[in-house]
Amino acid sequence: MLPVTHPLADIAAKVDAGERLNTEEGLRLAQSHDLPALGLMAHAVRARLHGDAVYYNINRHLNPTNVCYVGCELCAYADDPNAEGTWSYSPEECVDLARRDWSPDVTEYHIVGGLHPRWKFDVYVEILRALKEAFPQVHLKAFTMVEIDFLAKLAKKPVPETIAILRAAGLDSCPGGGAEIFHPEIRDQIASKKMSGDRWLEVSGMVHESGLKSNCTMLFGHIEQPGHWVDHLVRLREQQDISGGFQCFIPLAFHPAGTKFAHLPGPDLVTKLKVIALSRLLLDNIPHIKAYWVMLGREIAQMALRFGANDLDGTVVDERVTLAAGGKAGKGMTVDDIRDFIRGVGLRPVLRDTVYNEI
Ligand code: V47
C-alpha cells in the first residue's frame with residue numbers, strides 16, 4: 001500500500017495483513033505528518049470492514065436538563081441551577097419536546113443531560129418511561145457512563161441493579177459521552193471533578209455485561225498530546241476485548257467558546273482527520289467510526305469518510321452541547337443532505353437503526 005522506503009511502510013504491511021498495531025506504532029502514526037498515508041491506510045481498513053457503505057440514522061437529540069453540579073472545565077453546556085438560561089424539563093415536557101420534532105421515520109432519541117443536584121432518581125426513570133410510552137417504536141439511547149454512575153448513587157443501588165431499573169423503564173442503549181481523555185494528566189485539568197477514566201471503563205463493562213450496547217468517545221483538540229490519544233484508544237480497545245459492547249467510536253472535536261479553555265483555537269483540519277484515521281487504525285475491535293458532523297463541521301465530516309469513518313450519526317435537529325460551545329455546523333441535516341454528502345465522496349448511504357441494522 002505504501003512504498004517500501006516509506007517511514008510507515010512496516011505499519012502499512014501490518015495493516016494490510018490485518019494485524020493489531022501496538023502502542024509504539026500508534027504513537028508513530030499519531031506523530032506522523034503524512035496525512036495522505038494515514039488516510040490511505042485507514043480507508044483500506046474501513047473498506048475491508050464496510051465496503052462502500054456509510055451509515056446514517058434518523059434521530060433526535062433530547063437534553064432534559066443542562067443543570068449540572070460537576071462544572072467540568074471543558075464544558076460550556078452545563079450550569080448550576082440558579083444560572084440564567086438553564087432548563088429542567090419534566091417527563092411530560094420531554095414528551096412534548098419530542099413530539100414537536102417527531103416524524104414517523106425517527107428511530108432514535110439520543111438523550112443526555114446534566115447531573116442535576118435536586119432531581120431524584122425517579123425523575124430520570126420517569127423521563128424514560130414517559131418517552132417509551134409515547135414512542136414505543138423509538139430506540140432510547142440514553143445516559144452516558146457518567147450519568148449511569150450518578151444514577152446508581154441516587155438510587156443507592158449497585159450499577160447493575162440501576163441499569164436493570166432503567167432498562168425496565170425503556171432504556172435501549174447508551175451513548176458514548178463523558179470519556180473525554182482518560183489519562184489523569186489531562187483529565188485532571190479538563191474534567192477535574194468528573195469520574196475517573198478507570199471508572200468510566202468499569203461502568204461501560206457493567207453496561208455491556210447487562211446486555212446493552214454502548215458507544216465510546218474521545219474529546220480531542222485542547223491541551224492533550226498525541227500520546228494521550230494513543231493511551232485513550234488502547235484503553236478502549238482493551239475494554240472492548242473484555243466486554244465487547246462498544247458499537248461505535250466517536251472522536252469529538254473540542255469547541256472552546258464559553259469553556260475554561262476559551263483562549264484555545266480548537267483542533268484544525270489536520271488534527272481532525274488524523275484522529276479519525278488513527279482511531280480506525282488502532283480500534284481493530286470496534287466496528288464503526290463516526291464522523292459526527294455536528295462537531296467536526298460538515299465539510300470535514302465529509303472528508304473523514306475517506307479517512308476511516310463509516311458513519312455520520314444522523315439528522316439530530318436540536319443539538320445543544322456543541323451549540324453552547326460555539327458550534328457552527330448548524331441545525332439538523334435533512335436525509336437528502338446526508339445522502340448527497342455521502343455520494344459526494346463516492347460512497348453509498350445506508351440508513352440504519354441505532355444498533356446498525358439496515359433499514
Ligand atoms: O460527553 C462537552 C462532549 C459529549 C464539549 O454516542 C464537548 O452516538 C466539544 O457524547 N466541545 C456529548 N465536545 C456528545 C456525545 C455524543 C454525540 C453524538 C453521538 C454520540 C453517540 C455521543 O460532548 C460530552 C463531552 O464529551 N463535550 N463539551 C465542548 N466544549
Taking a spot 7 Å from the Cα of Ala168 along the direction of its beta carbon, which residues of region 100-140 have an amide N less than 20 Å from it? 120-134, 136, 140
In this structure, the FRET efficiency calculated for Arg20 and Asp318 from their beta-carbon separation, with R0 = 45 Å, to the nearest 0.05, is 0.70
Once each part is reduced to its C-alpha centroid, what is the distance from region 39-99 to region 228-266 in angstrom? 14
Check the cysteines of the chain one by one and keep only those with no other cysteine Cβ under 4.7 Å from their own. Cys68, Cys94, Cys174, Cys216, Cys248
Estimated D of the chain in µm² per second, where Rh is the Kirkwood radius over Cα pairs and Stokes-Einstein applies at 4 °C, 1.567 mPa s: 63
For region 208-359, what ratio Rg/Rh do Cα atoms give with a Kirkwood hydrodynamic radius? 0.95
Residues of region 292-307 with amide N under 17 Å of a point placed 7 Å along Cα→Cβ from Asp340: 298-303
Cβ-Cβ FRET estimate between Asp198 and Asp10, R0 fixed at 30 Å, reported to 0.05: 0.40
Could you tell me the relative contact order of region 53-198? Use alpha-carbon pairs under 8 Å, at least six residues apart, and round to a whole percent. 26
For region 226-315, what does the relative contact order come out to in percent, with C-alpha contacts under 8 Å and a separation of six or more? 31
Working out 0.36 nm times the residue gap between Lys331 and Lys156, then minus their Cα-Cα distance, what length gain in nm do you get to one decimal? 59.2 nm
Per residue of region 32-43, in order, report the coupling 6.51 cos²θ - 1.76 cosθ + 1.60 (Karplus, θ = phi - 60°) as ³J(HN,Hα) in whole Hz, putting x for Gly and Pro. 6, 9, 8, 4, x, 5, 4, x, 4, 5, 5, 5
Nearest 20 debye, what's the magnitude of the dipole of the chain about its Cα centre given +1 on Lys and Arg Cβ and -1 on Asp and Glu Cβ? 140
Say we join alpha carbon atoms closer than 10 Å with springs in a Gaussian network model of the chain; which of Gly244, Gly266, Gly85 then has the biggest fluctuation? Gly85
How much length, in nm to one decimal, is gained on full extension between Leu264 and Asp34, taken as 0.36 nm per residue of separation minus their Cα-Cα distance? 80.4 nm
³J(HN,Hα) computed for each position of region 344-352 - Karplus, 6.51 cos²θ - 1.76 cosθ + 1.60, integer Hz, glycine/proline x: x, 10, x, 10, 10, x, 10, 6, 10
What is the local net charge at Lys290, summed over the other residues whose Cβ is closer than 9 Å to its Cβ (Lys, Arg +1; Asp, Glu -1)? -2
Each label sits 7 Å from Cα toward the beta-carbon; between Ile359 and Glu84 the label points are separated, in nm, by 4.0
Dipole of the chain, positive direction: furthest Cα of Leu166, His61, His6, with charges on the beta-carbon: His61
Top of Ile342, Ile186, Ile58 by mean-square fluctuation, Gaussian network on the chain, Cα under 10 Å: Ile186
Could you list, in their original order, any pairs among Lys141/Lys290; Lys120/Lys153; Lys260/Lys290; Lys120/Lys157; Lys141/Lys213 whose Cα atoms are separated by more than 19 Å? Lys260/Lys290
Helix-only estimate, please: 222 nm mean residue ellipticity of the chain, summing -39500 (n - 2.57) across DSSP H runs of length 4 or more and dividing by its residues, to the nearest 500. -13000 deg cm²/dmol
May I ask for the net charge around Tyr56, where only other residues with Cβ less than 9 Å from the Cβ of Tyr56 are counted and Lys, Arg are +1 while Asp, Glu are -1? 0
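Just so you know, all these numbers are worked out from the coordinates, no wet-lab data involved. Computed from a prediction, not measured in an experiment: that's the story for all the values here. When we count neighbours, we look across all protein chains shown, and the Cβ atoms used for this are built from the backbone with ideal geometry, even at glycine.
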